[in-house]
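Step one of this worksheet: look at the structure below.
The values are calculated or read from the model by the stated rules, or taken from the named source; none is laboratory data. Quick caveat: nothing in here was measured; it's all calculated off a predicted structure. Don't worry about glycine lacking a Cβ; one is built from the backbone with ideal geometry, like all the others, and counts go over all protein chains shown.
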Amino acid sequence: MLKDKVKALFDEPACGVNQAKSEKDRKAGCSKPLTPGAAAGGCAFDGAKIALQPVTDAAHLIHGPLACEGNSWDNRGSGSSGSDLWRRSFTTDLTELDIVTGQGEKKLYRGIREIAQRFAPAAVFVYSTCVTALIGDDIDAVCKHASAKYGLPVIPVNGAGFVGSKNLGNKIAGQALLDHVIGTVEPDDVGPTDIVILGEFNLAGEFWQVKPLFDRLGIRVRACVPGDARYAEIAGAHTARATMVVCSTALVGLARQMTERWGIPYFEGSFYGVLDTSESLRQVARLLVARGAPDDLIARTEALVTEEESRVAARLDPYREKLAGKRVLLNTGGVKSWSVVAALMEIGMEIVGTSVKKSTPEDRERIKILMREDPHMFESMAPRDLYKMLADGEADIMLSGGRTQFIALKAKTPWLDINQERVHPYAGYDGMVELVKQIDLALHNPMWAQVRAPAPWDEDGNLIETVVALAAATSPSPLQGEVKESAVEAAQPDDSFAARHRKKFSESRVENSDPEYLARHRKKFAKTDADDMGEC
Amino acid sequence: MAAIVTTQKAAAVNPLKSSQPLGAALAFLGVAEAMPLFHGSQGCTSFALVLFVRHFKEAIPLQTTAMDEVATILGGADHLEEALLNLKNRTKPKLIGVCTTALVETRGEDFLGDITLIKRKREAELAGTDVLLVHTPDFEGAIEEGYSKAVLALIEGLVQPVEPRRVDPGKVAILPGWHLTVADLDLLRDTVESFGLEPVIVPDISGSLDGTVPGRWIPTTYGGTPVEAIRALGDAAHCIAIGEHVRRPAEMLHAIAGVPCTVLETLGSLEAADRFITLLSRLSGRPVPSKLRRARSRLQDAMLDGHFHFGGKRVAIAAEPDHLYALAAFFTGMGAEVVTAVTTTGHSAILDKVPAAEVAVGDLDDFETRAGEAGCDLLVTHSHGRQASERLGVPLLRVGFPIFDRLGSQHRRTILYDGVRDQIIEAANMFQAQQRIHTPDSLDPFRDRGETHDGHSQASHH
């Protein structure tokens with residue numbers, strides 16, 4: 001049963017990767033077997049929770065032993081403009097006794113009651129986990145019963161960790177919305193310019209950079225799923241006239257089924273980068289007009305786009321000179337790589353590599369066109385290789401998620417978080433300015449020169465060169481005796497040994513970067529398909 | 001002394017606990033060239049890994065057997081074997097610490113049998129790597145229990161008996177509790193060395209999680225206690241365990257190699273530090289070095305300066321048992337009152353001694369509710385206490401694990417003369433920052449008839 005369900009979720013006609021596969025490959029599904037001892041990334045439960053947790057006025061109850069929730073709660077930066085209930089953590093925290101005596105279902109039921117009575121949530125999402133799936137707790141039945149008894153929606157999400165990857169968990173969450181939520185509320189204010197946005201997480205509140213654009217055009221965001229979503233908004237999402245899918249691999253299946261069930265057309269777009277933001281606005285306008293919105297929406301959209309683009313261009317100008325030619329390594333699946341690639345290239349940065357782990361073939365083609373020479377795409381890179389590449393100075397900055405943060409920092413390479421824990425909003429026109437500003441700040445922090453300069457002693461602590469200039473003093477001391485000359489040199493900082501020494505090391509960490517090695521190295525990356533942190 | 005109560009809720013709200021395997025992994029991370037391995041689905045590892053990374057701000061070696069649904073039904077021995085071989089090939093660790101999780105423990109396999117078989121079958125491939133097993137299902141215990149089991153496994157699995165007993169008179173085995181920071185371990189080492197003794201700290205995260213820039217990629221832990229040093233612990237003159245939860249490993253060392261042991265409940269107060277220093281002086285036969293005498297005097301001075309700010313203050317603490325005891329003893333020792341004490345599990349013998357009327361086994365929701373009802377001036381727990389702090393309007397002193405929204409948690413000293421002094425200063429400054437300015441209203445004898453707790457934050461009742 002579970003197998004069929006998983007198979008159905010992976011057989012996604014709207015998924016670009018899936019479309020490109022042969023019939024045989026398609027049957028195999030897209031869950032790659034994990035390598036024990038060399039795997040990384042979250043499980044299906046992780047994915048399911050991530051996809052639904054930002055629904056702000058719902059309680060998210062995790063049915064299982066402690067670790068699933070206890071080790072992971074309150075760790076994502078979605079913004080809420082209303083309730084903070086979603087940030088509270090609820091788990092049945094099963095003990096050995098609960099499991100042995102089969103108390104799981106009863107405890108879950110009581111847990112739902114406690115939450116319903118004490119917190120009055122708009123809904124309760126109940127997540128199964130490995131252990132409760134293994135012992136066969138019927139969470140569907142418990143949810144149904146509790147829902148009837150306490151008069152609020154209680155939605156089962158069956159994504160136990162062992163069924164697969166985070167991506168599968170995203171899909172399971174989408175399916176749960178379709179099966180239990182969307183279409184259960186009929187709003188009384190349906191309009192011709194209502195839209196739904198799927199896969200927008202409102203990280204660092206960044207959707208609030210975009211929503212005013214829609215407001216200006218008179219387009220109503222009926223529901224943004226899941227970022228800053230209220231349960232009732234999602235329940236009425238089926239009345240929208242168009243859907244935009246933002247993080248395509250996660251919820252595109254949901255978008256397709258909404259088309260099939262309610263005839264809502266969808267497109268895949270992005271709010272990262274100037275051109276993408278503009279194109280997404282245009283697409284929304286076109287879809288709405290095709291379905292009966294006033295014709296002038298298109299012209300008004302063009303006017304807004306023109307105005308905003310010229311404003312953002314002026315705001316980006318100061319950065320062009322500072323960032324032109326800087327080499328970026330993009331190592332993330334969290335945002336649409338090509339859209340960030342395009343955005344950064346537009347201000348003159350050079351992309352030395354980008355991960356395409358979650359990109360569709362179409363995305364890859366776009367990247368190839370954008371990065372004319374040597375499109376260095378990789379599925380993912382082993383930490384050791386990544387470290388080597390950065391330590392060798394092949395990139396000036398890496399943009400990635402927290403998982404690989406310390407690989408970059410240990411390699412003394414500037415790093416910027418563009419994944420779920422980030423604190424800066426990067427969406428829309430203003431978000432692009434923010435991203436470029438943050439890259440500038442990271443790259444040009446003056447501490448890099450100091451942190452990269454070697455210590456002025458060898459491995460045994462013997463002074464090798466007097467690279468540290470000390471101020472001259474009147475009375476002789478052991479220190480000054482040795483560094484007399486450099487103290488003089490320090491008077492002419494531009495040409496001093498210390499300055500040259502620092503400069504040399506700050507500009508280049510390449511100590512043995514022969515081109516042949518690098519070429520071979522790159523080839524190696526191109527083939528690897530290990531998980532992010534997997535291969536050590 | 002303290003009454004231990006368990007709160008009756010079906011669903012935990014805002015858990016206080018981190019999981020048991022995470023605690024075990026923390027202990028293995030204190031061994032040089034080690035690699036902890038979770039036997040479970042990959043999410044178990046991913047969650048723990050991310051939490052470690054957020055706390056330590058370091059790349060953390062931690063791997064998974066990546067159980068899928070087939071292995072969950074048919075058994076995980078093959079996954080375990082493959083994981084061990086892959087880890088051996090790719091990272092060449094000296095030690096792999098296998099920590100079980102709730103998934104495989106619920107399934108219930110003979111892990112020890114599996115590992116024994118794998119070791120025999122793959123003897124050549126696994127040569128030079130010790131493989132240890134700890135049973136750490138997530139459905140029981142928390143960090144303390146997991147850590148304790150892993151330290152026990154290190155002693156039981158590695159220490160070689162010395163027959164007949166030979167003693168290296170300068171060697172002292174130190175088994176620190178998990179709640180000691182990197183800076184605490186450095187201080188411990190310096191202190192022991194100042195008596196001319198050679199400390200062997202097991203495990204020692206000050207060598208592996210101290211935040212350095214090694215200059216090359218190291219896939220395992222880059223420092224910590226060498227496996228060989230643990231193996232050779234049998235000739236230690238004495239063993240000092242710090243915290244009730246490392247008593248069993250200390251007793252195991254005694255059982256295996258006859259090393260006499262002393263368990264100290266805490267090092268977090270002047271008198272506790274005195275006990276430790278006295279012990280070192282006796283073991284070494286040396287007088288207490290002047291540096292330590294000076295440090296003691298500085299602590300005395302900090303206590304004199306600081307006690308004004310602690311006197312009568314109402315403090316709420318949520319922490320694992322030994323840590324709770326240490327913190328509660330520290331605050332009450334300075335004149336504060338522990339009005340709320342919440343802990344993770346109720347089995348530790350130390351809980352009876354916690355200087356509070358009641359210790360509740362519960363979550364951070366119980367902590368918040370109780371602290372709010374009692375009225376308090378300071379919350380003391382890990383970073384997840386921030387929600388309670390926001391809602392109650394009471395400042396939060398971040399201690400223990402995880403601390404993900406402040407830097408430098410590992411470089412704070414909390415023990416011995418210097419650490420206690422640091423902690424007094426930190427808490428006193430938080431109290432001072434909260435000092436209320438008296439107003440005509442606040443002092444009006446007709447407004448406050450003495451029913452409310454003087455000094456506690458009025459904001460908590462807003």
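Do we find that B:Ser281 is out of contact with any Asp or Glu (no Cβ under 7 Å at 6 or more places or on another chain), without any contact (Cβ under 8 Å) to a residue 60 or more places away in the chain, at negative phi and of a type in the set (Ser, Thr, Tyr) in this structure? Taking the combined requirement at face value, the residue does not satisfy it. Return the residue satisfying two criteria in turn: it lies in region A:117-141 and is out of contact with any Lys or Arg (no Cβ under 9 Å at 6 or more places or on another chain) and over 23 Å from B:Gly43 (Cα atoms), and of such residues it is surrounded by the fewest Cβ atoms within 10 Å (Cβ to Cβ). Checked region A:117-141; the qualifying residue surrounded by the fewest Cβ atoms within 10 Å (Cβ to Cβ) is A:Gln117. Check region B:66-74 and report whether any residue there is at pLDDT 95 or above, assigned to a helix (DSSP H, G or I) and within 9 Å of another protein chain (Cβ to nearest Cβ). The answer is no, given that none of the residues of region B:66-74 is at pLDDT 95 or above, assigned to a helix (DSSP H, G or I) and within 9 Å of another protein chain (Cβ to nearest Cβ).
Only one entry of B:Glu144, B:Glu198 meets the criterion of being charged (D, E, K, R), surrounded by fewer than 24 Cβ atoms within 10 Å (Cβ to Cβ), touching a residue at least 24 places away in the same chain (Cβ under 8 Å) and not assigned by TED's automatic domain parsing to the domain that holds B:Gln410, and that entry is B:Glu198.
Here B:Ala357 clears all of (1) closer than 27 Å to B:Gly146 by Cα; (2) touching a residue at least 24 places away in the same chain (Cβ under 8 Å) except the condition numbered (1).
Selection of region B:34-57 for residues being surrounded by fewer than 24 Cβ atoms within 10 Å (Cβ to Cβ) and either in a strand (DSSP E or B) or more than 8 Å from every other protein chain (Cβ to nearest Cβ) (or both) yields only B:His55. When the test is whether a residue is within 22 Å of B:Ala427 (Cα to Cα), within 11 Å of another protein chain (Cβ to nearest Cβ), crowded, with 23+ Cβ neighbours inside 10 Å and touching a Leu at 6+ places or on another chain (Cβ under 6 Å), B:Leu364 passes it. Going through region B:116-165 one residue at a time, which ones are within 14 Å of chain A (Cβ to nearest Cβ) and among the hydrophobic types (A, V, I, L, M, F, W, C)? Passing the criteria: B:Ile118, B:Leu126, B:Val131, B:Phe139, B:Ala142, B:Ile143.
On the stretch given as region A:99-135, residues that are within 16 Å of B:Val13 (Cβ to Cβ) and more than 9 Å from every other protein chain (Cβ to nearest Cβ) total 8. Of all residues in region A:121-142, those that are within 16 Å of B:Ala102 (Cα to Cα) and assigned to a loop (DSSP other than H, G, I, E, B) total 4.
Look through region A:394-416, keep the residues that are in a loop (DSSP other than H, G, I, E, B) and within 14 Å of chain B (Cβ to nearest Cβ), and return whichever of them is farthest from A:Ala453 (Cα to Cα).
That would be A:Gly401.
Condition check: surrounded by fewer than 21 Cβ atoms within 10 Å (Cβ to Cβ), of a type in the set (Gly, Ala, Ser) and in contact with a strand residue (DSSP E or B) (Cβ under 7 Å, 6 or more places away or on another chain). Does A:Gly191 satisfy that? Yes. For region A:87-98, residues that are within 16 Å of B:Ala102 (Cβ to Cβ) and crowded, with 23+ Cβ neighbours inside 10 Å total 4. Of all the listed residues (B:Glu198, B:Glu271, B:Glu228), the sole one being farther than 30 Å from B:Gly333 by Cα and out of contact with any Asp or Glu (no Cβ under 9 Å at 6 or more places or on another chain) is B:Glu228.
Looking at region A:86-98, can you tell me whether even one residue there is under 23 Å from the mean Cα position of the chain (by Cα) and more than 7 Å from every other protein chain (Cβ to nearest Cβ)? Yes, region A:86-98 has at least one match. Filtered by the rule that a residue be at the interface with chain B (Cβ under 9 Å from one of its Cβ atoms) and not aromatic (Phe, Trp, Tyr), region A:64-85 gives A:Gly64, A:Pro65, A:Leu66, A:Ala67, A:Cys68, A:Glu69, A:Gly70, A:Asn71, A:Ser72, A:Asp74, A:Asn75, A:Asp84.
Kindly list the number of the only condition in (1) modelled with pLDDT of 90 or more; (2) surrounded by fewer than 24 Cβ atoms within 10 Å (Cβ to Cβ); (3) not in a strand (DSSP E or B) that fails for A:Phe207. Among (1) modelled with pLDDT of 90 or more; (2) surrounded by fewer than 24 Cβ atoms within 10 Å (Cβ to Cβ); (3) not in a strand (DSSP E or B), the lone unmet condition for A:Phe207 is (2). When A:Gly199, A:Gly218 are checked against the criterion of being at positive phi and surrounded by fewer than 21 Cβ atoms within 10 Å (Cβ to Cβ), a single residue qualifies: A:Gly218. Quick one: would you say B:Gly170 is within 17 Å of the chain's Cα centre (by Cα), of a type in the set (Gly, Ala, Ser) and either part of a strand (DSSP E or B) or crowded, with 17+ Cβ neighbours inside 10 Å (or both)? For B:Gly170, the condition - within 17 Å of the chain's Cα centre (by Cα), of a type in the set (Gly, Ala, Ser) and either part of a strand (DSSP E or B) or crowded, with 17+ Cβ neighbours inside 10 Å (or both) - is not met. Checked against the criterion of being touching a His at 6+ places or on another chain (Cβ under 9 Å) and either charged (D, E, K, R) or modelled with pLDDT of 90 or more (or both), the candidates A:Arg261, A:Arg300 yield just one match: A:Arg261.
For the residues B:Asp405, B:Asp352, B:Asp377, the requirement of being in the same structural domain as B:Ala316 (by TED's automatic domain parsing) and surrounded by 22 or more Cβ atoms within 10 Å (Cβ to Cβ) singles out B:Asp377.
A quick yes/no check of all residues on (1) at pLDDT 95 or above; (2) more than 21 Å from A:Gly70 (Cβ to Cβ); (3) touching a Lys or Arg at 6+ places or on another chain (Cβ under 6 Å); (4) hydroxyl-bearing (Ser, Thr, Tyr):
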site	(1), (2), (3), (4)
B:Asp377	yes, yes, yes, no
B:Thr381	yes, no, no, yes
B:Ile403	yes, no, no, no
B:Arg412	yes, yes, no, no
B:Gln423	yes, yes, no, no
B:Ala427	yes, yes, no, no
B:Phe446	no, yes, no, no
B:Arg449	no, yes, no, no
B:Ser460	no, yes, no, yes
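Scanning region B:76-96 for residues that are more than 7 Å from every other protein chain (Cβ to nearest Cβ), surrounded by 17 or more Cβ atoms within 10 Å (Cβ to Cβ) and over 21 Å from A:Gly42 (Cα atoms) gives B:Ala77, B:Glu81, B:Lys88, B:Pro93, B:Lys94, B:Leu95, B:Ile96. B:Ala24 meets each of the listed conditions (1) crowded, with 24+ Cβ neighbours inside 10 Å; (2) facing chain A (nearest Cβ under 8 Å) apart from (2).
Within region B:107-136, the set of residues being under 30 Å from A:Gly64 (Cα atoms) and either under 25 Å from the mean Cα position of the chain (by Cα) or surrounded by 24 or more Cβ atoms within 10 Å (Cβ to Cβ) (or both) comprises B:Val131, B:Leu132, B:Leu133, B:Val134, B:His135, B:Thr136.
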